[in-house]
């Protein structure tokens, strides 16, 4: 039975600056409404929808995006089941769990074609490999990082029982102190966590195995029976998402400036803002396939084996049972020239917002 989250979630309306008035662009008389639940819509790790909004893509194509938020304790897939969200960002474990449970959910767009979580140690640590972690203490940003830690350990024939794990949270100063005082020997968390630790004075060195870094991170999923009804709005959203990610590769300065304008709190320390943004555009959200968001059945098949070995995934599921690639063509239906035109227009309209 799906969890009833009616009344728990709330919609946070998107931040808008209006159309840039590009020649030949028309605004739909009535915008398509789309409720989207992101893994985190307040970080430049996932800057694309904010950049698309800043460039006027969503307004000009007639889609109004509302971000849905909730308590972390509510399973993300429940928002699809109950209709509280039309599109939800899920991590690989959530995708596999939904497929295992027979929930009518399909992955339609790979957001991060590299896992966001990493395994790091203090730069001056004597630890040189995963095997050296045996008997050590691993700090986790949250309980959800346990699976990442277990998979990383499995590459050195270690089990989660071979280490001590403790949830230390994502406060940079707190985790930095735990590392400095040797309360923990290594840390598993996301890029924004690592940036905050570095800003707190502890430099880190990564020992993340390839099995983790080459796996797929967060992806967008949809409830199957609503896929056709929402196809137009979802395609518009994903097209804007893809255009924004291309824009980061063309003009990092302008797109970082857009992100800083929307999420100024993440840029209070410019070095932290740039660290998060650069990791986003050079690693996490970098396209590793021919098309933006293109699905990779071979990777979704291969990554199940270690999960089965560590007991977090019961049995192999054919990727065709939970992948739906019918949105990819529409999401990539734009030209580089269009993106460059929008970047040029934003720069001309916002010279005061450009980062130096």
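For the reader, a short list of remarks on this structure follows.
- Kirkwood Rh in Å, taken over the chain so that all alpha-carbon pairs contribute: 21.1 Å
- Ordering of 290-301, 103-114 by packing [mean C-beta count within 10 Å, highest first]: 103-114, 290-301
- Between residue 352 and residue 128, the contour length at 0.36 nm per residue exceeds the Cα-Cα span by 76.1 nm.
- Taking packing as the residue-averaged number of other Cβ atoms within 10 angstrom, the listed peptides 187-193, 57-63, 329-335 run from highest to lowest as 187-193, 57-63, 329-335.
- Going from the fewest other Cβ atoms within 10 Å to the most, the residues 237, 277 appear in the order 277, 237.
- The separation of the stretch 88-109 from the stretch 158-189, counted between C-alpha centres, amounts to 29 Å.
- If the segment from residue 137 to residue 232 were pulled out straight at 0.36 nm per residue, it would be longer than the present Cα-Cα gap by 29.3 nm.
- Rough spin-label spacing in nm, given labels placed 7 Å along Cα→Cβ, for residue 291 and residue 312: 3.0 nm
- Only beta bridges with both residues in the stretch 119-213 are counted; by DSSP, about 40 percent of them are antiparallel.
- Put a dot 7 Å past the Cα of residue 325, heading toward its Cβ, do the same for residue 269, and the two dots end up 4.3 nm apart.
- Placing dummy labels 7 Å off each Cα toward the beta-carbon, the span from residue 282 to residue 69 is 3.0 nm.
- The chain, relative contact order [Cα under 8 Å, separation at least 6], %: 24 percent
- Protection proxy ranking of 148-154, 269-275 - average other beta-carbon atoms within 10 Å, highest first: 148-154, 269-275
- Taking every DSSP bridge with both residues inside the chain, close to 55 percent are antiparallel.
- Alpha-carbon centroid distance for the pair the stretch 217-250 / the stretch 307-356, whole angstrom: 7 Å
Each reported figure results from applying straightforward, stated rules to the coordinates on display, with no laboratory input. Given the structure is predicted, the values throughout are model-derived calculations rather than measurements. Note that each Cβ is placed from the backbone with ideal geometry, even for glycine, and that neighbours are counted across all protein chains shown.
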